[in-house]
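A.B. asks: Please read through the structure below; I'll follow up with questions.
The values are calculated or read from the model by the stated rules, or taken from the named source; none is laboratory data. Please read these numbers as outputs of a predicted model, since none were measured by experiment. With ideal geometry, Cβ positions are generated from the backbone for all residues, glycine too; neighbour counts draw on all protein chains shown. These area figures cover heavy atoms from the full protein model, side chains too; ligands, DNA and RNA do not enter into them. Shrake-Rupley method; radii C 1.70, N 1.55, O 1.52, S 1.80 Å.
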Amino acid sequence: MKITPPDPGSASWKRKAYSVIFESDTRAGRAFDILLLVAICFSVLAVMLESVRSIDARYGPILRAVEWFMTGLFIIEYLLRLLVVRRPLAYALSWLGIIDFLAIVPTLASLLSVGSRNLIVIRTLRLLRVFRIFKLGQFVGEGEFILTALKASRHKILVFLTAVLTLVVVIGTLMYVVEGGKNGFTSIPKSIYWAIVTLTTVGYGDISPVTVLGQTLASVLMILGYAIIAVPTGIVSAQMASPGRPAAPAFKQVICHVCQATEHRPEAEYCWHCGEKL
């Protein structure tokens, strides 16, 4: 959905506010976005520090005050965004608008449920604006290239995951039969959990086989783990290195003033998303 600027005949403060809030190619807009990123980092850091008991016991009230202050700023910013655009609902339902809304919900929800305020880390999603603020559009192209390689490899990866799932189910069930509940393998799901942990070479150590046959199965599974880990990496790497792979597209560093789209081809004269002249 389009994020449209205010009407040309609207109040001048709305047009100026839109330029500052939504456009990062001006000095004021760039400064606003950088301050917003700093505020997001501070608010997330405050929540993280508050989860440390020793810090919370000493600075808890200060950290909570900082968080509520930051949330107040984010609420004002969100309301301003709704106020200055021509179609507030379009912005509210856009993915940027939804993320901006979710950024203020956890603190308000903490009035009903204390634990919900820890979800404030959702605000880190807003840090993705850094690609637009600092003109890092070329990284978007590289990300598109990786997604294309993953998409092209999806069938091979699906076959690989199916084979791995079958393997852990079979060996997990065998371990349940061989070891039994007396050695910690109290159920087939728990035995499958052990097989997954072992195959991925994590090895928590909370369950381990005792019998010779069980240890033999575990040894085989561990060796298979080392062999299997390299498979998905090889599949994707081969796709990325293939001669026919698509080149990462280069993008023009121009922001559409109507819909805020940034991924424009170098030769583009009109926005790929809304058709507005660049």
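A.B. asks: Given the peptides 216-228, 168-180, 67-79, arrange them by the average over their residues of other C-beta atoms within 10 Å, most packed first. Please list the in-between numbers first.
C.D. replies: Numbers: 216-228: 14.5, 168-180: 18.7, 67-79: 16.3.
So the peptides 216-228, 168-180, 67-79, ranked by packing, come out 168-180, 67-79, 216-228.
A.B. asks: Please report the accessible area of Arg64 (heavy atoms, 1.4 Å probe, ligands and nucleic acids excluded) in Å², nearest 10.
C.D. replies: For Arg64, the solvent-accessible surface is approximately 90 Å².
A.B. asks: Amide H of Glu276: which non-local residues (sequence gap of 5 or more, or other chain) have their own amide H closer than 5 Å, using H built in the peptide plane?
C.D. replies: Long-range HN contacts for Glu276: Cys271.
A.B. asks: Counting only other residues whose beta carbon sits under 14 Å from that of Leu82, what net charge do I get with K and R as +1, D and E as -1?
C.D. replies: Once positives and negatives cancel, what remains is +2.
A.B. asks: Here is a further query. Okay, which of region 190-223 sit inside 16 Å, backbone N to the point 7 Å along the Cα-Cβ direction of Val170?
C.D. replies: 192, 195-196, 199, 217-223
A.B. asks: Report the accessible area of Ser94, computed with a 1.4 Å probe over the heavy atoms of all protein chains in place, in Å² rounded to the nearest 10.
C.D. replies: Spelled out: Ser94, probe radius 1.4 Å, area about 10 Å².
A.B. asks: Please report the net charge: other residues with Cβ closer than 11 Å to the Cβ of Leu102, K and R +1, D and E -1. Walk me through the numbers on the way to the answer.
C.D. replies: Details: positive: Arg123, Arg126; negative: Asp100.
Local charge sum for Leu102: +1.
A.B. asks: At a probe size of 1.4 Å, how large is the accessible area of Thr233, to the nearest 10 Å²?
C.D. replies: Thr233 exposes around 90 Å² with every protein chain in place.
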